[in-house]
Amino acid sequence: MEKNTNEHIAPDMFEFAQKDAFLHDEKFKTKARGYFADALLRFKKNKSSVVAAWIIGFLILFAIFAPIISNYSVNDKDVVYTNYPPYIPSIAKKNIGMFDGSYTLNSQSEMQLASLRAIGEETGMDPVIKILETFETHSKYRGQDRVSYSYRVKVNSYFMEGIRTLVLSYEEYERIQQFQNETGIQVLYPMVEKTDIYVKAKEGADLSGAADNPNIWYQCEDLKGNALLDADGNRIPAYSTNQAKTYGEYHSQRIPSDPGNYIYNFVKSGSVQVRICYYNYYTYKNGHEPSYIMGTDTMGRDLFCSIGMGARFSLVFALIVSAINLTIGAIYGAIQGYYGGAIDMVLDRIADVLSGVPFIVVTTLFQLHLAQKVGTVPSFLFAFVLTGWIGMAALTRKQFYRFKGQEYVLAAKTLGASDKRLMFKHIFPNSLGTIITSCVLVIPGVISSETSLVYLGIVNLSDFAGTSIGELMSQGQAAMTTSPHAMLFPSLFVSLLLISFNLFGNGLRDAFNPSTRGTEG
Amino acid sequence: MVKYALKRFVLMLTTLFIITAICFTLIRLLPPAQLPVGDPHADVVRARREALGYNKPILVQFGLYLKGIFTRWDWGISDKLYLGQSVGPLFISKLPATMLVNLYSIIFSIPIGIILGVFAALKKNTWADHSISTLTMVVISVPSFVYAFLIQYFLSYKIGLFPFVMKGGTDYFSPSMFVSMLPAVMSLSFGTIAGFTRTTRAELTEVLTSEFMLLARTKGLTKRQATVRHAFKNCMVVIVPGIFGSFVGILGGSFIIEKIFSVPGVGSLYINSINGRDYPMFMMLTIFYTAIGLVSGIVVDISYGFIDPRIRMGSKK
């Protein structure tokens, strides 16, 4: 053994390497990253989920602001402009083929085209946007070749409404005149009489079979409505000058061609019958021109506003449902998972029985039993809650089984933590990420079933929310052939919402998945 | 395995019985459908309800109901939609339409789904895989009635390929009937195809990366042999029960698709019975749908055991 030669070194010969500082571990320069920050980081790497999150944000903004910025409320119904295509006057005037309220009319005869032109001639708003195609037909008529044409026409459906006959009270009639004076917009048009239109028909002939169309203001050569033209090829006005039939003095602007003796109403007992240009009448009624970004639905409501209202309901409803299900499911699953054994089994059986009842049956029974007492929406909510929490409970239970055997739980138990504390302070926070994620994935499911049930007519939400996406869709489907937009926009909204919620939820799930933790960033 | 199956079956029957009892009570407690004031039939309706036992205690009514079902296969008499007709035969007459539409749909969509899934898994992380996966995601998220709208609008209305709604009548196997069913079949198929594609892809990619695949390659199998003999077999453990489940599910059908395409099936019968307040019909269909749900659950679980010996062994412990 070697002898220690350093045994007798005096202590004062030692010297500190660093006299003025203590040695200690270096502090982490990086910031500690928590569980959620870590998940967020991984979530951001998933491009499609981030896009989905943006889309969700946009759709939520749409739901909040669409009903506010719309000119209309969900209760504004128009009786004439129902299922009309998207139309914004300022954009329509630019004629770029968008928002022009256009609708394609197939196989219009020459006469039909002429009557469309006549509407434009009278009201100054030509419904014909474009003639898309002209078809030529040759036929033999009494041995002679005859050529007839038919057209495919793109029309502005708002202008096509033209003139309508209305019966108004005297006060209303005065108000319209006043409106005309103030704005210069011609609402009232001179009256016409059948006897003036069909001048060529024999005296005392039966005119009941003649075309009865408020848009005919010109003389016709036959009862079908073919216009009688003068030498220059112009229509001959058939406005009535029969002062005996009119009420009161007309003291508002007259149409340009009026020599001053046209009458603007017919007296009806206690009221007046008038011809109004519906587009301008609408302006008079609503204070602005019709302007529907997404068109109107079957009840003449603004689809833009209606979808917003429906979306508000769907989103809030889905959020409430998933929050309630999260709470119930978490508590139920925590008890199941923590205690295990007989309690677990009994609770599992109960959940089994409940989950065996088909959802549609639950909804129906709740609607039939409770809707009268507590209202449609609460009973709908109960239906979702009754079976909705089961999935959440199963998930929580699984998480509890995973964590409850771990050492830190045992340690806390040894220190005397109560069951409640162990469950909700120690175990539950660990499973929170997974549970919240599945909560997000519940939302599209809720929206989808809510829409379906309303669509099927089992639940009727229109009293509560004004409207709902499912209702809009079912109306849209009924009018699919004439106005596809009424079906397109609600479907598009729901599809977009569900796709982005699913993408977003999947992204969250992957981000919170512990097995991918720490693999990146 | 048999013991397990039996146990599950008994449990299922118990669950079904409890649900039936609860639903029966709730449905019988409902007030009768409102008649207009001064309706001359009010007395008749009251007498009918009395004769049918509506005024007895609920428990007695339930006993009578079960007795009717078990002894005479009598599910009650429709009291609104098909007044006076027996519910059972009516229901049976609606089954073929629903079953055929759903059967065509799954026969058509399961192979396509599996093939797409396998293709995506084998070409993992290529553009083909990405586009299939994205499409699957989109198709699964969008509710089936949106496809129904699209198909009805474009194929039926714009192109005029199919009729708008399903043909009436009972000639279920005539060509014109088949064509008129196609829109409904297609609308149902999208979801099924996407579901099977997703499951197959997920399962197969997992199996392909597992270690026994490496072993198979090292012992000299080509990639093709290893995939067909080892990977597919393992992947089928998950897919086949899904197929069984879909086959049980064809009885149930889809409410929305049946409504949109006017399929004269069970789904429309159910919706009509709710909207028309036809409670005996509603009761029977409730039992039917509950049973379908429970049976398909059991079939899926048990078929796992039949297909995979590992699960069978595990249950013996």
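The values are calculated or read from the model by the stated rules, or taken from the named source; none is laboratory data. For clarity, every value in this text was computed on a predicted model and none was experimentally measured. Virtual Cβ from ideal backbone geometry, glycine too; neighbours counted across all protein chains shown. Note: areas computed on protein heavy atoms with side chains; ligands, DNA, RNA excluded. Shrake-Rupley method; radii C 1.70, N 1.55, O 1.52, S 1.80 Å.
Some notes on this structure:
- B:Leu204 vs. criteria touching a Phe, Trp or Tyr at 6+ places or on another chain (Cβ under 7 Å) and at pLDDT 85 or above: no
- Residue match in the stretch A:436-458 (condition: out of contact with any Ser or Thr (no Cβ under 7 Å at 6 or more places or on another chain), open to solvent by 20 Å² or more (accessible area, probe 1.4 Å), touching a residue at least 24 places away in the same chain (Cβ under 8 Å) and away from chain B (no Cβ under 14 Å)): yes
- Of the residues screened, A:Ala63 is not one that is away from chain B (no Cβ under 14 Å) and either surrounded by fewer than 16 Cβ atoms within 10 Å (Cβ to Cβ) or over 18 Å from the mean Cα position of the chain (by Cα) (or both).
- Taking residues in the stretch B:27-55 that are closer than 15 Å to B:Met283 by Cβ, and partners anywhere that are open to solvent by less than 60 Å² (accessible area, probe 1.4 Å) and of a type in the set (Val, Ile, Thr), the pairs with Cβ atoms closer than 6 Å and at least 6 places apart or on different chains are B:Arg28/B:Ile58.
- Top-ranked residue of the stretch B:137-172 - restricted to ones that are assigned to a loop (DSSP other than H, G, I, E, B) and within 11 Å of chain A (Cβ to nearest Cβ), ranked as most open to solvent (accessible area, probe 1.4 Å): B:Phe164
- Residues (within 16 Å of B:Gly84 (Cβ to Cβ) and within 14 Å of another protein chain (Cβ to nearest Cβ)) located in the stretch B:29-67: B:Pro32, B:Ala33
- Candidates A:Ile307, A:Ile324 - the one that is in a helix (DSSP H, G or I), open to solvent by 50 Å² or more (accessible area, probe 1.4 Å) and not basic (Lys, Arg): A:Ile324
- Considering residues of the stretch A:469-517 that are over 19 Å from A:Phe304 (Cα atoms) and aromatic (Phe, Trp, Tyr) only, the residue most open to solvent (accessible area, probe 1.4 Å): A:Phe504
- Taking the criterion of being within 14 Å of another protein chain (Cβ to nearest Cβ) and open to solvent by 30 Å² or more (accessible area, probe 1.4 Å), the residues of the stretch B:111-136 that qualify are B:His130, B:Ser131, B:Ser133, B:Thr134, B:Leu135.
- The sole residue among B:Gly191, B:Gly252 that is of a type outside the set (A, V, I, L, M, F, W, C) and either in a helix (DSSP H, G or I) or open to solvent by 20 Å² or more (accessible area, probe 1.4 Å) (or both) is B:Gly191.
- Enumeration of residues in the stretch A:277-294 that are under 21 Å from A:Leu61 (Cβ atoms) and open to solvent by less than 10 Å² (accessible area, probe 1.4 Å): A:Tyr292
- Restricting A:Asp344, A:Asp348 to those that are more than 29 Å from A:Ser474 (Cα to Cα), assigned to a helix (DSSP H, G or I), out of contact with any Gly (no Cβ under 9 Å at 6 or more places or on another chain) and among the acidic types (Asp, Glu) reduces the list to A:Asp348.
- Scanning the stretch B:256-278 for residues that are at the interface with chain A (Cβ under 9 Å from one of its Cβ atoms) and open to solvent by 20 Å² or more (accessible area, probe 1.4 Å) gives B:Lys259, B:Asn275, B:Arg277.
- Sole residue being more than 30 Å from B:Pro32 (Cβ to Cβ) and within 14 Å of chain B (Cβ to nearest Cβ), chosen from A:Arg312, A:Arg301, A:Arg349: A:Arg349
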